[in-house]
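Notes for the one structure printed next.
The values are calculated or read from the model by the stated rules, or taken from the named source; none is laboratory data. Just so it is clear, the structure is predicted and the values come from calculations on it, not from any experiment. Positions of Cβ are generated from backbone atoms using ideal geometry, with glycine treated the same way; all protein chains shown enter the neighbour counts.
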Amino acid sequence: MTLRFYNTASGEVQNFEPIIPGHVSLYYCGATVQGMPHVGHMRSAIAFDQLTRWLEYRNFRVTVVRNVTDIDDKILAKSAESFGEDFQEGPGSLREEPWWALAYRYEQEFLKAYDTLGVQRPTYEPRATGHIPEMHALIAQLIERGHAYPSTDGSGDVYFDVRSWPAYGQLTHQKIDDMQAAADADPRGKKDPRDFALWKGLKDSEPTTAGWASPWGTGRPGWHLECSAMVTKYLGTEFDIHGGGLDLRFPHHENEMAQSQAAGHGFANFWMHNGMVTYQGEKMSKSLGNTISPAEMLELAPARVVRYYLGQAQYRSVLDYQPNSLQEAAAAVERIDGFVSRALRTRAGENAAVGVVSYGQVPAAFEAAMDDDLNVPQALAVLHETVRAGNSALAGGNAKAAWDAMVSVTNMLRVLGLDSAGPSVESDSKQSAALEVLVNAQLEARAAARAEKNWAASDAIRDTLAAAGVVVEDGADGATWSLSRG
């Protein structure tokens, strides 16, 4: 087994070996909870959920930390919009929603979306507001080492001095002079326009609840600082993998790397970034009216179908949404589920002891695909080929081969997070056996009615089954049935 992942820092696929044998430490950027989850958030979460599941399949103990940015300029701006320009903080003055309530409300929406789409909860999910002391310590360390400085204009800002760190730009392979100015703080107190904020002094227009006392004045942390402080607290100064969306490479991850390494931390050994989601070949934009949210997708298709769609591409590639994307994903999921259902019914129909199917080995070709930088498209090709082989075995009456294929398919679904969150395979088989008996009894009654040319009774039975989601098809060898889609 050789796991290989693309490392953004090196620009190539490399062999992966964890720092501690048998234990993988993974941090990926969670939400800035300023609004409802968008499709990019969910694609990223699913990509790193697939990575976690595969590492666990490969018998690694995985510690996953996913942060929540619950204090940020954007959050304050959203809150200010709800309060209005004449807002004054104080008893009885709250007219709408304070920033901390807004952030918490949207945090719950993210959790709901993650759970609905089968994203496993991380080992820990720290909030930025809970780690102010760690951020102060990191800033002090950077100032002491000559890589940060307080503003001299009395604003209370503290900046990272990018020119003090010769390696700045190494993650995204840029030269400092080619970079744009950092837009995250007032430029008047900076040595260089590209210096970014570590600490942001509280402005008169901002609520006092958005400020914390510090050696440099009351204020709040810069966005980039938050992640460095949180990840090192829980995963240490050197850890295995740092992940996030491709849009976070610069400036966010570049700045994280610089400030952490300037503080003397080894930081992340691997940087992994997932690709964006586009709409018919164009970048999604509210102004263009070409966005689709996870909530809208879930109105169009079941959660497993949405997860299949968002997780079907290789994680580094662009995923393009088309009007028929969810229908295609639904058809793929239906083919898989149809085979599993038929295989379960066949075994149950033989009155064989099914027992609990223990999840185990996936096909070697599936393993090879996932080991090769999480090549999910190739892994799905193996899954669908196994479904086709299983259907051929069913058609040929080879129940054992069909059952073996079903077990293999179930294993692959579990690894990809596409297995049902419902009953176990044992429960499914018992339910299938009961359904088989009940439906077959109805089909026998229908066959008797047809033999007597009692078409009204025959049609009534068929309509009853259809209302229950059972599709009946008449053929030369008699009637067969299947469960309808959806």
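Of the numbered criteria (1) assigned to a loop (DSSP other than H, G, I, E, B); (2) of a type outside the set (A, V, I, L, M, F, W, C); (3) over 18 Å from Val158 (Cα atoms); (4) at pLDDT 95 or above, the one Lys233 fails is (1).
Filtering segment 250-271 to residues that are closer than 18 Å to Ser44 by Cβ and touching a strand residue (DSSP E or B) at 6+ places or on another chain (Cβ under 7 Å) leaves Pro251, His253, Ala268, Phe270, Trp271. Across segment 148-186, the number of residues qualifying as among the β-branched types (Val, Ile, Thr), over 33 Å from the mean Cα position of the chain (by Cα) and buried (at least 18 other Cβ atoms within 10 Å of the Cβ) comes to 1. When Val318, Val305 are checked against the criterion of being under 21 Å from the mean Cα position of the chain (by Cα) and over 30 Å from Phe239 (Cβ atoms), Val305 stands alone in meeting it. Within segment 203-217, the set of residues being under 34 Å from the mean Cα position of the chain (by Cα) and without any contact (Cβ under 8 Å) to a residue 60 or more places away in the chain comprises just one member, Gly211. Just one of the numbered conditions (1) under 20 Å from the mean Cα position of the chain (by Cα); (2) without any contact (Cβ under 8 Å) to a residue 60 or more places away in the chain is not true of His273: (2). List, please: which pairs have Cβ atoms under 6 Å, are six or more places apart or on different chains, and start with a residue in segment 316-334 that is under 23 Å from Leu413 (Cβ atoms) and in the same structural domain as Ala45 (by TED's automatic domain parsing) and end with one that is polar (S, T, N, Q) and crowded, with 20+ Cβ neighbours inside 10 Å? From segment 316-334, no pairs qualify. Consider segment 173-196. How many of its residues are modelled with pLDDT of 95 or more and touching a His at 6+ places or on another chain (Cβ under 9 Å)? Total satisfying the criteria: 1.
In this structure, Val119 qualifies as in a loop (DSSP other than H, G, I, E, B), at pLDDT 95 or above and assigned by TED's automatic domain parsing to the domain that holds Glu238.
Is it true that Ala445 is over 20 Å from Ala343 (Cα atoms), surrounded by 12 or more Cβ atoms within 10 Å (Cβ to Cβ) and either free of Cβ contacts under 8 Å to residues at least 60 places away in the same chain or of a type in the set (A, V, I, L, M, F, W, C) (or both)? Here the answer is yes, as Ala445 does meet what is asked. Of all residue pairs spaced 6 or more apart or on separate chains, none has beta-carbon atoms under 8 Å together with a first member in segment 52-71 that is outside the structural domain of Pro122 (by TED's automatic domain parsing) and surrounded by fewer than 20 Cβ atoms within 10 Å (Cβ to Cβ) and a second member that is hydrophobic (A, V, I, L, M, F, W, C) and not in a strand (DSSP E or B).
Hey, could you check segment 460-485 for residues that are of a type in the set (A, V, I, L, M, F, W, C) and in a loop (DSSP other than H, G, I, E, B) and say which is modelled with the lowest pLDDT? If we take residues in segment 460-485 being of a type in the set (A, V, I, L, M, F, W, C) and in a loop (DSSP other than H, G, I, E, B), then Ala476 is modelled with the lowest pLDDT. One residue alone among Gly35, Gly30 is assigned to a loop (DSSP other than H, G, I, E, B) and either under 11 Å from the mean Cα position of the chain (by Cα) or hydroxyl-bearing (Ser, Thr, Tyr) (or both), and that residue is Gly30.
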